[in-house]
Amino acid sequence: MKILVIIPAFNESDNIETVISNIENCGFDVDYLVVNDCSTDNTREILEKCHANYLNLPVNLGIGGAVQSGYLYADMYGYDIAIQIDGDGQHDPKYIKELIQPILDGKADMTVGSRFIDKEGFQSSKLRRAGINFLSGLIKLMCGKKVYDVTSGFRATNKKLTHLFAKDYAQDYPEPEAIVTSVMHGATVEEVPVIMHERLGGESSIKSFKSIYYMIKVSISIILKRFIISIGRK
């Protein structure tokens, strides 16, 4: 099977070379694409130096646009499975096989690498865990599917969902909304236990002073997405 790892990267000069090396040495046969989202540091120079396979966006699209660019690439070149891994070093490629196994077995269309099943490794701050639990409950209320680690950017999709995301993907902090999109289109979403690490360097895209704004925006997006898809299917 053709498998592509999508790595969105914005100002990840501290991390990106290590992330690529870990993927290349994960013991599993995958291709990868770094989507450089118009970084203002020397991320692009590092990608050039290590002869990485990368796409350089001419303008900053944000995390959703960067990931969707990867899905467009995967869809265009006929990949059977697309895997998203953040460029900050939190996600361990050694779990790729476990992540995609339910898709290979035909038991899931999307899998989410979850730090909250076995509760090992980096668990994030108490404030963020509270926010994640709230969004998890909201998604359960909106579409009937319980996913614990709804903001995890470590996930995999089969060809059907890759094609869907190439056309329809949320632009700002899209992970929770992508779960709603998948479930509302009849896809099966499963969680796989993984161990995550603290980011190797740089800054998170979700700053603490923006956390309330983030929660409000994502909550509204989840509710709207659920009803927009429901209306569109009638």
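Quick notes on this structure:
- Our summary gives the chain a relative contact order of 25 percent, counting only alpha carbon pairs under 8 angstrom and 6 or more residues apart.
- Binned Cα-Cα distance frequencies in region 3-232 - 10 Å width, integer %: 8, 35, 40, 16, 1
- Given charges at Cβ of Lys, Arg, Asp, Glu: the chain dipole, positive-most of SER136, TYR79, GLY62: SER136
- Among THR40, THR18, THR111, a tally of other beta-carbon atoms within 10 Å of each Cβ gives an order, fewest to most, of THR40, THR18, THR111.
- Between region 57-101 and region 155-201, the alpha-carbon center distance in angstrom: 10
- For LYS107, the lysines whose Cα falls under 26 Å of its own Cα, not counting residues fewer than eight places away in the same chain, are LYS2, LYS94, LYS97, LYS119, LYS140, LYS145, LYS146, LYS159, LYS160, LYS167, LYS225.
- Neighbour-count ranking [beta-carbon atoms within 10 angstrom, fewest first] of GLU191, GLU45: GLU45, GLU191
- Charged-residue dipole, Cβ positions (Lys, Arg, Asp, Glu), region 13-146 about Cα centre, Debye nearest 20: 900
- Charged-residue dipole, Cβ positions (Lys, Arg, Asp, Glu), region 3-232 about Cα centre, Debye nearest 20: 1080
- The convex hull built on the alpha-carbon positions of region 1-84 has an orientation-averaged projected area of 5.1 nm².
- Built amide H within the under 5 Å cut-off of MET196, gap 5+: PHE122
- Counted as membrane-span-like here are DSSP H helices of the chain whose alpha-carbon atoms extend 30 Å or more along the helix's own axis and whose Kyte-Doolittle mean is 0.0 or above; these are 211-232.
- The orientation-averaged projected area of the convex hull spanned by the Cα atoms of region 74-122 comes to 4.3 nm².
- Cut-off 15 Å between beta-carbons: net charge of the residues surrounding ILE81, Lys and Arg +1, Asp and Glu -1: -2
- Among the trypsin sites (Lys or Arg not before Pro) within region 75-123, those in coil by DSSP and having at most 11 neighbouring Cβ atoms inside 10 Å are LYS107, LYS119.
- Shown is the FRET efficiency for ILE216 and LYS126, computed with R0 = 25 Å from the Cβ-Cβ distance and rounded to the nearest 0.05: 0.80.
- Take the Cα of ILE228, step 7 Å toward its Cβ, do the same at HIS51, and the gap between the two points is 4.3 nm.
- Every helix of 4 or more DSSP H residues in the chain counts as -39500 (n - 2.57), and over all residues that averages to -13000 deg cm²/dmol at 222 nm.
- Residue among ASN22, LEU164, ILE216 farthest towards the positive dipole end of the chain, charges placed on Cβ: ILE216
- Across the options ILE3, PHE154, VAL180, the greatest Cα extent toward the positive end of the charge dipole of region 3-232 (unit charges at beta carbon of Lys, Arg, Asp, Glu) belongs to VAL180.
- Local electrostatic count at SER39 - Lys and Arg +1, Asp and Glu -1, tallied over other residues with Cβ under 10 Å: -3
- At 1.306 mPa s and 10 °C, Stokes diffusion of region 85-150 via Kirkwood alpha-carbon radius, µm² per second: 118
No value in this document is a laboratory result; all are computed from the given coordinates. Here the structure is a predicted model, which means the values were calculated and not measured. Backbone-built Cβ (ideal geometry, glycine too); neighbour counts: all protein chains shown.
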